[in-house]
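*Asks:* Got a structure here, written out as structure tokens. Questions coming.
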Amino acid sequence: MRLTARRLVFFAVASTALVMTAFAGLPNFFPRVDVPLGPPECVLADCSSDPQGLAIADLNDDGSPDLITANNGSDDASVFLNSGTGNFTLAATLAAGLGPTGVDAADFDDDGNTDLAVLNGSDSNVGIYPGNGDGSFGSPNLVDVGAGTFPENILSADFDDDGNADFVTTNLFDDSISVFLGNGDGTFEDAIVIAVAGGPSGIAAGNFDGGALDLAVTLDDDFPGEVAILLGDGAGNFDLQTPNQVVGDTPLGIAVGDLDNDSNDDIAVANWAEDSISVLFGNGDGSFTDGPLLAAGIFPEDVAIADIDGDLLLDILTLDSFGEGDVDGFLLVFPGNGDGTFGEAGTYDVGAGPGVVEAADLDGDGALDVVTTHLDSDDVGILINSGGGNSGECVGDCNGDGMVSISELVRGVNIALGQLDVSECTAFDRDSDGQVSISELVAAVNSALEGCVAA
């Protein structure tokens, strides 16, 4: 039987729907773009390397999220500015202290510009770089964490509800965390040091008891590993709860979000030595109940929680450090069902030695995209989400009228089937590879259903 063009559209859309049903909640991404930490002409010994920390923030006040990496192997930090479409350019390389392991961004001096906090693990201090509002930064103010503490991770937030940005570090060698309350001028009060035994590593903030901002810290010294819960009083003090929450072996990365839609914050933990993700369901009173244990490839170091598939339900993201064949590693996306259960993970190629994973809308289309750091290939991977939200560039809008019609969808299907040349409507070929893929057809259907603005 010969299919008419309209039937082809129905067939393509119906087939796509069946695929999305069979693999519920799995997102589609355009081909990954790897952004090197340094310019191509850099000499190997002078190149930035080993990006152990990652932060995402608008550094030049243009409304688009930019990227910062803390590069442990080269003692510096890389600043990447976003064009607004998810394309990034290396704008600056900032000299740091010895062995930077983490980075975060906030307005520490209350001047309206985003500043940086780079955690120098081997120097046991934090460099506060005042932002100029254009993606450039002034010389750092060094904040001492304490000799020999070897701080491993840093998190900024307002812990004492005074409107000023604060930060906290996890101190691996000192079995403690240090809370630094900001004065709003780029300076900080003396640290509030809280003993947290067990090798504190990863840290995340949430509201676990309905009160002030609380903290969750991974402890990777014991087998099995544990998570420490510290309840905040809104004045910058935290009360360590006992006992700790038991998770898998060598927990490192940690993330917070409401995974079962009960309005209580839950926790996901990457268990590096156990190749798994632990889920802890918050009870709303500072206590937790064990959730599912998700198989997560090999040596997952980090975890993130975000709605990647656009279904308004939170998903879990992690990184498989070892790929297969020519693939260096994988991003794993566990689609959330909204009740604390998760579908089978989708896998997506990433670079060599994946370390950190974060999600943000990099191209302004309303869909969350993914950023990964690659410790072995010394670059940052950009995965632009092709589904959900308003694309902004109106995929499939052949005549540039700001809409996608049925006839234009027909044209896209015919291009995908090879019956028309891509030159008949280049608006379908978002990645400029000369072909129209299923993900591009899905993006065009989303444009037709949800509306868009022509590029």
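*Asks:* So, in the stretch 177-192, of the ones that are part of a strand (DSSP E or B) and of a type in the set (A, V, I, L, M), which residue ends up surrounded by the fewest Cβ atoms within 10 Å (Cβ to Cβ)?
*Replies:* Among them, the one singled out is Ile192.
*Asks:* Select from the stretch 276-301 the residues that are among the acidic types (Asp, Glu) and not in a strand (DSSP E or B) and write down the one among them that is surrounded by the fewest Cβ atoms within 10 Å (Cβ to Cβ).
*Replies:* It comes out as Asp285.
*Asks:* Residues of the stretch 413-442 being open to solvent by 50 Å² or more (accessible area, probe 1.4 Å), charged (D, E, K, R) and in contact with a Lys or Arg (Cβ under 9 Å, 6 or more places away or on another chain), which ones?
*Replies:* Answer for the stretch 413-442, where residues must be open to solvent by 50 Å² or more (accessible area, probe 1.4 Å), charged (D, E, K, R) and in contact with a Lys or Arg (Cβ under 9 Å, 6 or more places away or on another chain): just Glu424.
*Asks:* Here is a further query. Select from the stretch 124-171 the residues that are assigned to a loop (DSSP other than H, G, I, E, B) and in contact with a Ser or Thr (Cβ under 7 Å, 6 or more places away or on another chain) and write down the one among them that is most open to solvent (accessible area, probe 1.4 Å).
*Replies:* Ala147
*Asks:* Do we have Asp174 as assigned to a loop (DSSP other than H, G, I, E, B), crowded, with 18+ Cβ neighbours inside 10 Å and at pLDDT below 95 here?
*Replies:* So Asp174 fits the description; yes.
*Asks:* If you check Thr85, Thr69, which single one turns out to be within 18 Å of the chain's Cα centre (by Cα), open to solvent by 40 Å² or more (accessible area, probe 1.4 Å) and closer than 18 Å to Val380 by Cα?
*Replies:* Thr85
*Asks:* Do we have Asp123 as among the charged types (D, E, K, R) and within 30 Å of Pro31 (Cβ to Cβ) here?
*Replies:* It is false that Asp123 is among the charged types (D, E, K, R) and within 30 Å of Pro31 (Cβ to Cβ).
*Asks:* Between a first residue in the stretch 335-347 that is in contact (Cβ under 8 Å) with a residue 40 or more places away in the chain and a second residue that is of a type in the set (Asp, Glu) and surrounded by 15 or more Cβ atoms within 10 Å (Cβ to Cβ), which pairs have beta carbons less than 6 Å apart while being 6 or more apart in sequence or on different chains?
*Replies:* Pro335/Asp309; Pro335/Asp315; Gly336/Asp315; Asp339/Asp260; Gly340/Asp260
*Asks:* Just give me the residues in the stretch 102-123 being within 17 Å of Gly73 (Cα to Cα) and surrounded by 22 or more Cβ atoms within 10 Å (Cβ to Cβ), in sequence order.
*Replies:* Scanning the stretch 102-123 gives Gly102, Val103, Val118, Leu119, Asn120, Gly121.
*Asks:* While we're looking at this one, here's another question. Any residue in the stretch 39-55 that is at positive phi and hydrophobic (A, V, I, L, M, F, W, C) sitting within a Cβ distance under 6 Å of a residue that is modelled with pLDDT under 70 and buried (at least 20 other Cβ atoms within 10 Å of the Cβ)? List the pairs, counting only those 6 or more apart or interchain.
*Replies:* none
The values are calculated or read from the model by the stated rules, or taken from the named source; none is laboratory data. Being a predicted model, the structure only gives us computed values, none of them experimental. A quick note on method: Cβ atoms are made from the backbone with ideal geometry, for glycine too, and the neighbour counts reach across all protein chains shown. Side chains are part of the model used for accessible areas, which takes the heavy atoms of the whole protein and leaves out ligands, DNA and RNA. Shrake-Rupley method; radii C 1.70, N 1.55, O 1.52, S 1.80 Å.
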